[in-house]
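The values are calculated or read from the model by the stated rules, or taken from the named source; none is laboratory data. Keep in mind that this is a model prediction, so the values were computed, not measured. Quick reminder, even Gly has a Cβ in these numbers, built from the backbone with ideal geometry, and neighbours come from all protein chains shown. In case anyone asks, the SASA skips ligands and DNA or RNA and just uses the protein heavy atoms, side chains included. Shrake-Rupley method; radii C 1.70, N 1.55, O 1.52, S 1.80 Å.
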Amino acid sequence: MTDSTEIGAFVQGSPHPSWLSDSNGCCIYANSALERLTGVGSLQLEGSQWLDLVVGEDRPQTRVAWHESRAGTRSLRVRVCIRGTSPDICAPVEVIGFGHYVAGVGELWLFTALHLHAPTHQHPPLEAQLQATLNIIPVQAWYALASGTIAFVNEATASYLRLPQPHHLRYGADVGGTRESHLSYIHPEDHPHARRQWSACLRKHEVGELQLRIMSEPGSARWFLVRAEPLRARNGDLLFWVGVNIDIDDAKRAGEALDVAKERIARAAQVATIVELSTSISHEIVQPLSAVVANARAALNWLSRESPNIDRAKSAIEGILRDGMAVGNVMHEMRRLFKQQEPNRSTIQMNDLIVQVLKVLEPDLRDRNIVVSLNLSTELPNTEADAIQIQQVLLNLARNASEAVLERASSQKEIKIRTLFSDHEVTVEVEDSGFGIVTPERIFEAFFTSKDEGLGVGLSISRSIAEAHGGALVATNLEDGGARFSLTLPRSFSPTEMV
Ligand code: ADP
């Protein structure tokens, strides 16, 4: 490195406190890392002796080392404390200095100070204050240099990351990291968007927010909402980025579970529609089966005569064969459709299913300002049922109720859900404040709907699910308007109750 501009660029870009002096020790230039450490800017330093940067008691030995280095015996290497404008600042560093001969300029000395360790009180006041503040707040927080290099993490973050006690991020010590050094703490799958977002933030000097997984030890990571804000000086200059990491792992995982539940409910709805369709297909077999029975009777008649009519019997039997095969085909198709939906009974708690279903509907209900009042019996016994199918029934009743209350815009938009039980049954009642049911005798018919967009299969499927569980689904109009749907299922008994 012989060109003075190259040396200047090196000093400027160095993440470590660095400065240049002439052969007499007179400062020519100092970089911003030195200014951050000491509070003294390049312009103030220019023309003064760099030895003045060293605290008084370390100065004699530094002066000796500096004279020896200049005499050409070796490069400078001393461990000293650097002082700053504030009496609090006393940063222990190792100063390394090299002399260069630069054509046209003469001898230039380049100095770099490497932090040995950097306890809080040795930082410039702002950083010290920042560190102290971030350390007492109970959330994970950190700050980064304006360049984007994470410089410090607070106690909460350090303990989550399991950083060893003497770790540079705990003290805000500058070890020459880059704006990507922190990626080693982030889940590899999140690197691309973490990199993109952080660059955008640094480029625009704007608040940035993103969700990513931060690792605490190999193989274990949690989701965080990371928010970074620029911290500016009075004149608007960007000083640091201050950030917080908010743990959203539980909410994120609950959201994922909810998506899975929604998908399962949607699938159950499909399966139930198939059940309904296959019910109509079953009509397809009633007709050929009646023909089979008629033909079998006829064949018997033709054969039981005194002189049996073999030809007629033969054609009746051929008819049986034909219709039998048609039924066989229909049965085969139906078996294929039914295969996927073996009822999967287990012990369920109706109150839990209601809460799960309401979670699925929550965004819709909130958007439509519909209030749900719950009155769930705390002693509700369990029941044996297919949880997915029962969820589907509850979902359908709650959806119908919310559509009913929306129709009657003047009334209070409220749905009441109540659970109760008797010696043998568990009941859920879903009440709404709509107009009530116009044609109660028809609503459980398949494909009956009074809605423009309705399919008219929800209630018929729901009733068949209730009946398949040995229960019932009934509807009543309420006196002051609105409707009540009651789903009743047999309660399960504990072994002690059965004796
Ligand atoms: P869909 O709602 O898709 O039309 P459903 O089987 O769920 O099919 O309901 C059939 C019909 O029953 C509805 O079209 C509506 O006329 C009536 N119905 C269902 N729930 C209610 C309710 N809570 N209040 C009034 N009428 C209802």
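Miscellaneous remarks
- Looking at the stretch 380-457, none of the strands (runs of 3 or more DSSP E) lying wholly inside it contains 3 or more residues that are farther than 15 Å from ILE354 by Cα, within 9 Å of the ligand (Cβ to nearest atom) and free of Cβ contacts under 8 Å to residues at least 24 places away in the same chain.
- Some residue of the stretch 463-475 being touching a strand residue (DSSP E or B) at 6+ places or on another chain (Cβ under 7 Å), in a helix (DSSP H, G or I), within 15 Å of the ligand (Cβ to nearest atom) and open to solvent by 50 Å² or more (accessible area, probe 1.4 Å): yes
- Residues that are within 17 Å of ILE150 (Cα to Cα) and not β-branched (Val, Ile, Thr) within the stretch 194-207 comprise ALA194, ARG195, ARG196, GLN197, TRP198, SER199, ALA200, CYS201, LEU202, ARG203, HIS205, GLU206, listed in sequence order.
- Residue list for the stretch 476-486, restricted to those being within 29 Å of HIS424 (Cβ to Cβ), in contact (Cβ under 8 Å) with a residue 40 or more places away in the chain and either assigned to a loop (DSSP other than H, G, I, E, B) or within 11 Å of the ligand (Cβ to nearest atom) (or both): ASN477, LEU478, GLY482, ALA483, ARG484, PHE485
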